[in-house]
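Read the structure below first, then the notes.
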Amino acid sequence: MNVCLIPARKNSKRIKNKNIISFFGKPLIAYAIETAKKSNLFDKIIVSTDSKKIAQIAKKYGAETPFLRPKKISSDFANDNDVINHFVKFYNSKNIKINYLCYLYPVNPLLKISTLVKCKKLLEKNNCHKVMTIAKFDYPIQRGLVLNARGNLSFLNNKYKNYRSQDLTQCYQDAAQCYWYNLKKIKKLKTVKTMKTKAVELKSFEFCDVDTHNDLQKLRKIFQYKLMS
């Protein structure tokens, strides 16, 4: 069985109700659910949430919500591994075997079906533990700048102060779209000391990690451009 797991807790400090905020006529989480459904890659699409309201919305758009997530893994201090391990434990208790798990973030209207397909094929081909989406940093992070408490600017690492951009190693950022796990090789995420990970690279306009209202405004502009093009 292949499963898509979408985490969507109710509390969000920086953007209230971020996962279900109205976005071009639909709750944001609806886009992730609908893309997962249209991909035809999954036997089940599960939303892990601590909110009855989010659960109702998720069901409306075609996902399942077989449980409400416990409070202890719904706080600001809970991480993705906690959510995944809780989900896996739940299904193991029902003797349901999961081969591949796609952990899909709920704020994902730019996600393409082709990205999901590429990730799954890469996971199958390489028999690795994990596949995730990444994107190039636009500027070399080795030449990053920092401001101190007094507002004075300096290089994060003076070693690279006089380096040319083309002489530095290309670095990548987490595109925060989806994470595929080979559960045939992983019993529990916390116990995997060395996780062999592959990646699918995205273009800068294919993703937008939303943490602030400015990020949300940027996402709206990118999505609107896609609708018009």
ask   = Relative to the longest principal axis of the chain, what angle (0 to 90°, nearest 10) does the C-alpha long axis of helix 213-228 take?
value = 80
task = Using a cut-off of 12 Å between beta-carbons, work out the net charge of the residues near Ile73 (Lys and Arg +1, Asp and Glu -1, Ile73 not included).
result = +1
note = To the nearest 10 degrees, the tilt of helix 113-126 (Cα long axis) against the first principal axis of the alpha carbons of the chain is 90
note = Largest-first semi-axes in Å of the equivalent ellipsoid built from the Cα gyration tensor of segment 148-229 are 29, 26, 16
remark   = Between the modelled labels at Lys59 and Lys72 (7 Å from Cα along Cα→Cβ) the distance in nm is 2.7
ask   = So, with a 1.4 angstrom probe, what is the percent of accessible area on segment 55-115 that is carbon and sulfur?
value = 51
Exposure of Lys52 as accessible area (Å², to 10), given a probe of 1.4 Å and all protein chains = 150
message = Not counting ligands, DNA or RNA, and with a 1.4 Å probe, what is Met228's accessible surface area in Å² rounded to the nearest 10?
response = 150
note = quick note, the chain, DSSP beta bridge pairs, % antiparallel (nearest 5) is 50
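Leaving out ligands and nucleic acids, note down the accessible area per residue over segment 16-111 with a 1.4 angstrom probe, in whole Å². Mind dumping the intermediate values first?
Numbers: 4650 Å² over 96 residues.
It amounts to 48 Å² per residue over segment 16-111.
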query = Hey, what angle do you get for helix 80-92 against the long axis of the chain, alpha-carbon based, 0 to 90 degrees rounded to 10?
reply = 20
task = In whole angstrom, note down how far apart the Cα centers of segment 52-95 and segment 165-181 are.
result = 28
Ser12, Ser74, reordered so the largest accessible area comes first (probe 1.4 Å) = Ser12, Ser74
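Sum -39500 (n - 2.57) across every DSSP H segment of at least 4 residues in the chain, then divide by the residue count to get the 222 nm mean residue ellipticity, nearest 500.
Values: 5 runs with 64 residues, N = 229.
Using -39500 (n - 2.57) per qualifying helix, the result is -9000 deg cm²/dmol.
Looking at this model, which pairs from Lys53/Lys218; Lys97/Lys120; Lys26/Lys71; Lys18/Lys89; Lys53/Lys198; Lys52/Lys89 are more than 25 angstrom apart at the alpha-carbon? Could you put the intermediate results ahead of the total?
Numbers: Lys53/Lys218 27 Å; Lys97/Lys120 17 Å; Lys26/Lys71 27 Å; Lys18/Lys89 27 Å; Lys53/Lys198 36 Å; Lys52/Lys89 21 Å.
Correct reply: Lys53/Lys218; Lys26/Lys71; Lys18/Lys89; Lys53/Lys198.
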Label point 7 Å beyond Cα of Gln166 along Cβ direction - residues of segment 141-156 with amide nitrogen under 19 Å = 141-143
ask   = What label, among [x] 168; [y] 136; [z] 115, belongs to volume of the Cα convex hull per residue in Å³ computed from the structure on display?
value = [x]
query = For Gly144, what is the net charge nearby, where nearby means another residue's Cβ is under 13 Å from its Cβ and Lys, Arg count +1, Asp, Glu -1?
reply = +2
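Can you compute the FRET efficiency between Gln224 and Ile15 using 1/(1 + (r/R0)^6), with r the Cβ-Cβ distance and R0 = 22 Å? Round to the nearest 0.05. Mind showing how you got there, number by number?
On the way: r = 18 Å, r/R0 = 0.84.
According to the calculation, E is roughly 0.75.
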task = Pull out the extension gain between Asn79 and Asn157, defined as 0.36 nm times the separation in residues minus the alpha carbon to alpha carbon distance; nm, one decimal.
result = 25.1 nm
key: Dipole of the chain, positive end: most advanced residue of Gln166, Tyr100, Ile29 [Cβ charges, Cα centre]   = Tyr100
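Which percent of the accessible heavy-atom area of segment 1-52 goes to carbon and sulfur, probe 1.4 angstrom? It would help to have the intermediate numbers written out before the result.
On the way: 970 of 2300 Å².
The nonpolar share, carbon plus sulfur, comes to 42 percent.
Add +1 for every Lys or Arg and -1 for every Asp or Glu among the other residues with Cβ under 14 Å from the Cβ of Lys44, and state the total.
Values: positive: Lys37, Lys59, Lys94, Lys97; negative: Asp43, Glu64.
For residues surrounding Lys44, the net value is +2.
The values are calculated or read from the model by the stated rules, or taken from the named source; none is laboratory data. Values in this document were obtained by computation on a predicted structure and should not be read as measured data. Please note: Cβ atoms are built from the backbone with ideal geometry, for glycine as well, and neighbour counts cover all protein chains shown. The protein model used for the area step is the full one, side chains on, heavy atoms only, and it has no ligands, DNA or RNA in it. Shrake-Rupley method; radii C 1.70, N 1.55, O 1.52, S 1.80 Å.
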